[in-house]
Amino acid sequence: PLVLGIETSCDETGVALVRGHELLVDAVASSVDEHARFGGIIPEIASRAHLEAMVPTIERALTTAGVTLGDVDAVAVTAGPGLVGPLTIGAAAAKALAIGLDRPLYGVNHVIGHAVVDELVDGPFPERVLALVVSGGHSSLLRIDGTVHVTELGSTLDDAAGEAFDKVGRLLGLPYPGGPHIDRLARTGDPDAIRFPRGLTAPKDQAKHATDFSFSGLKTAVARWVEARQDAGEPVPLEDVAASFAAAVADVLTAKTIAACRREGVSTLVVGGGFSANSQLREMAAERCAAAGIELRIPPIRYCTDNGAMIAALGSAVVRRGMRPSPLDLPVDSSMPLTQVLV
Ligand code: ATP
Ligand code: MG
Ligand code: FE
């Protein structure tokens, strides 16, 4: 079946077409530039941008793939988690299409989509995988069985990895979003220059929070270190701070995730979400997974940040498994639980 996927949980309007595991087209429009001067996403601006971009992006996707709306067999849309206004625009478009075309509607989970998009790149998931989904809003470790059954093994107790990068970016005076800027600076810095704390990795923590993460203490440590430098009238070595901070985040994420793979006896790790674009994480994960004999699957960067392909991929998976479609009045859920794949 040909599945049309629509993503609008944040500031990207994504529309994609997937047949089975094959991606026909992935069209994205972003309002990120409109938010940059505010230093964060303004939901009202994002909603309006989705409204303007929706029909043109759908048309562009259909034209590029050389199909018509009549060829679409099912419509998938992000039901949550995300910003209510933006989610509502996507859901309204998807409902209109499903009703107008008389096709089933599937309201799916954005965070699970960040993992399942990898099926379009690296092929069907094995029966059981662990998925590390790291983004602007989430840092979660999931066990995924049969692509659509999700168990939460851990998550961040405070900031998400991308959020921590964006906050550190702000304190270093970098433009929003800071994540990619820190990544770039870190490439020429020394990751061993400053030893920043690794949150929740001490053995005494581990008993309580085997796979939970915490990044806010690390962010505070970076702020203190930078302030101390400034107070002493010394220049802040941006590259070294970025590299040492990025190394601390990548270290904690990979160490805990690989330990969880061992504990769960799972030999395939999928990494997804906007923060999986991070080169320090990608490098460390590749090295450590190779050493641990774990197969690592990370999609190319354009499928890590928000896109329609991830929603069409998950839609295709739930259709393939014969799961029941969502009601046509499907509610959006800004805090949709990660264990819920479909509404
Ligand atoms: P969620 O998926 O949890 O709803 P989101 O959709 O806002 O959150 P994504 O678009 O998936 O998040 O990811 C955006 C985040 O990824 C931002 O915090 C951004 O700074 C971060 N990010 C993107 N590229 C990089 C990079 N190369 N290095 C570090 N962080 C990055
Ligand atoms: Mg985004
Ligand atoms: Fe996302």
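Judged by the gyration tensor of its Cα atoms, with axes a ≥ b ≥ c, the range 89-187 is oblate; a/c meets the 1.5 cut and b/c is at least as large as a/b.
Quote the FRET efficiency, to the nearest 0.05, computed for L328 versus D122 with a Förster distance R0 of 30 Å and r equal to the Cβ-Cβ distance. Please report the intermediate quantities before stating the final value.
Details: r = 34 Å, r/R0 = 1.12.
My answer for the efficiency is 0.35.
Lys-Lys pairs in the chain that are eight or more residues apart or on separate chains and whose Cα atoms lie under 20 Å of each other come to 4.
Look at T151, T305 and count the other Cβ atoms within 10 Å of each Cβ; fewest to most, that gives T151, T305.
Which shape class, rounded, prolate or oblate, goes with the range 242-324 when its Cα gyration tensor gives a ≥ b ≥ c as root eigenvalues, a/c under 1.5 marks rounded, and past that a/b bigger than b/c marks prolate? Walk me through the numbers before you get to the answer.
Working: a/c = 2.77, a/b = 1.47, b/c = 1.89.
Oblate, because a/c is 1.5 or more while a/b does not exceed b/c.
Of H50, H35, the sequence from fewest to most neighbouring Cβ atoms within 10 angstrom is H35, H50.
Using the Cα gyration tensor of the range 5-89, with a ≥ b ≥ c the square roots of its eigenvalues, what is the shape: rounded (a/c below 1.5), prolate (a/b larger than b/c) or oblate (neither)? Prolate, because a/c is 1.5 or more and a/b exceeds b/c. Each Lys or Arg adds one and each Asp or Glu takes one away; over the other residues whose Cβ falls under 12 Å from the Cβ of L69, this sums to -3.
Readers should treat all values here as calculations from the given coordinates under stated rules, not as data from a laboratory. Keep in mind it's a predicted model, so treat the numbers as computed, not measured. Here Cβ is always computed from backbone atoms with ideal geometry, including for glycine, and neighbour counts include all displayed protein chains.
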